[in-house]
1. Among the DSSP beta bridges whose two residues both lie in region 534-671, what percent are antiparallel, rounded to the nearest 5?
2. Working only with C-alpha atoms, what are the Rg and Dmax values of region 438-529, expressed in angstrom?
3. Taking the beta-carbon count within 10 Å as an exposure proxy, list 186, 82, 451 from fewest neighbours to most.
4. Quick check on packing: order 297-308, 174-185 by the mean number of other C-beta atoms within 10 Å, highest mean leading.
5. Based on the alpha-carbon gyration tensor of region 199-269 and its eigenvalue square roots a ≥ b ≥ c, which shape applies: rounded if a/c is under 1.5, prolate if not and a/b is larger than b/c, or oblate?
6. What fraction, in whole percent, of alpha-carbon pairs in region 260-396 exceed 20 Å separation?
7. Relative contact order (percent) for region 368-467, with alpha-carbon contacts under 8 angstrom and 6 or more residues of separation?
8. Counting other beta carbons within 10 Å of each residue's own, what order do 119, 487 fall into, fewest first?
Ligand code: IVH
């Protein structure tokens, strides 16, 4: 089929427009249009390309995800070696560096440096030929790296095509990293699923780029800042390093917004202090700042020593990691009874703060890291992340190191501790009998986004529980002024204030109430969805797990937690008591049951690994929506869902002419139901 000229022109215009919006969104962080507008453009282009596959170009924005997995990483020899940097740890180190630079250049005047944060990720070389991204490689040993083109193409902040005027050959260098928010979310998900977590964002970034399957990389939140270049052909370099960086930005590459030119050691140190002060609030990890002599003529004159340039130096911040000794491991009990092992450490200063406790997350993590009492360990504290034990220095394990055992009984209430087969988390079975769980539940119940009981903080909650004044949530509403006033740091006036706050909290919404109950895995969003879907609490309490799964974004696990919470008569009593105390909300008519959708009555076969969910989760979703899942493909099969590394079933589907869905299309179908 020949492509009509007007269609070809439209596709080209769409590619340019989407490319522009990508740049505004991912590189400049300053979008011009709403996400929905962007999605519409992309959909239109996808539609055209589906109709006329000849339209697909290597730089099309539709080509970022879903490339085929590779069997192994190819080797790439760098046209210009990728060097490393010399380190400075003190102001004296830096002054010595600056003197060496000035001596060599025979310059008495202050040197202009280009200063920027030193990102903690991994160095990548991007090769652009006539503006088109043709290859991406890791640094490797500096001479030869690994070909990671298929993965790097999935990073939205890396342009597949540079803006007009790009040279014939341009090797751009920079750091690929994982922003902290994405890193924390990814680890939280992994913990939930009992999977291995990454020790730090650097490892997470490296692990994500070293994937044979680009779809996995695409699902990881990676970003890149460009800070240099290698081979360049067809462009005469400008005078300054900063001019090159400005030009890279013009061509569409992302560069650090923190970078700037400074003059002499004094200003370098000021820059170091200013960036250091903001280190904890930056959205990514940095381990220092880098200063580069700004004049390229000077850079050439200075040249290199062995593997590092004489014109640049990394000025490191205090390390995020230190070693210390594990004195003991204790277990803390959380709101849902989860026992978290916490290491008590020989106090050590990490990044300027004294650390004496570190979380070990759960028993699986503790066992995986094999932390024993007496061990010498590496602890890590970064930004607002809770200090963690990265690893044990096994070589230095003392002979009398003691293994940690999960207690059989809750350290707070003495109830039996249960660890469900296959689950990472051990829990105290005491429920609200357990003072630790009661305290956490009360705090959660009172929190701003739940019942919003002003003034009811941990000081009061501790006393209420320790004095046995509050055994169940509803007891909160029954205390007299005199009982409140007797508590430490309370007087008549403050007692009345709390009571008033309690009164105010009684008029609430179903969503807030559900969230406040602290049902496992029911956060604000899920509570909102449940409230909206069912409209009335009694309907939720009577719903089967399958009915609960009909709620948008609620999977089988959450549905099971909601169901078993309300199946427990103790919880039903708490709800009844709260209602009897006058807690109320406006109930709504339930939303009409969804019309029989695209899944109802259809038979699915799933083959290969899915990225967004396990096969079991996919099966449960299909069943919840009224579909069936079968193990083998036949003419009766409606859809074959193909994940990563599919088996022969994908081929069978093609032979029988059964519709094949990739994961993205499958997820779309579920949304449309
Ligand atoms: S310049 C010839 N600038 O640090 C100069 N490197 O310790 C080579 N890095 O391999 C590097 N942020 O992975 C430079 N703003 C920055 C950097 C940076 C992070 C990394 C890079 C390099 C390592 C050297």
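1. Taking every DSSP beta bridge with both residues in region 534-671, the antiparallel ones total about 10 percent.
2. For region 438-529, the Cα radius of gyration and maximum Cα-Cα distance read 13.1, 41 Å.
3. Ranked by crowding around the Cβ, least crowded first: 186, 82, 451.
4. Those peptides, ordered most packed to least, come out 174-185, 297-308.
5. Oblate, since a/c reaches 1.5 and b/c is not below a/b.
6. Beyond 20 Å sits 59 percent of the P(r) for region 260-396.
7. Relative contact order for region 368-467 comes out at 16 percent.
8. 487, 119
Where a number appears in this text, it was derived from the coordinates with a stated rule and is not lab data. A quick note: this is a predicted structure, and the numbers were derived from the prediction, not measured. Cβ: placed from backbone, ideal geometry, glycine included. Neighbour counts: every protein chain shown.
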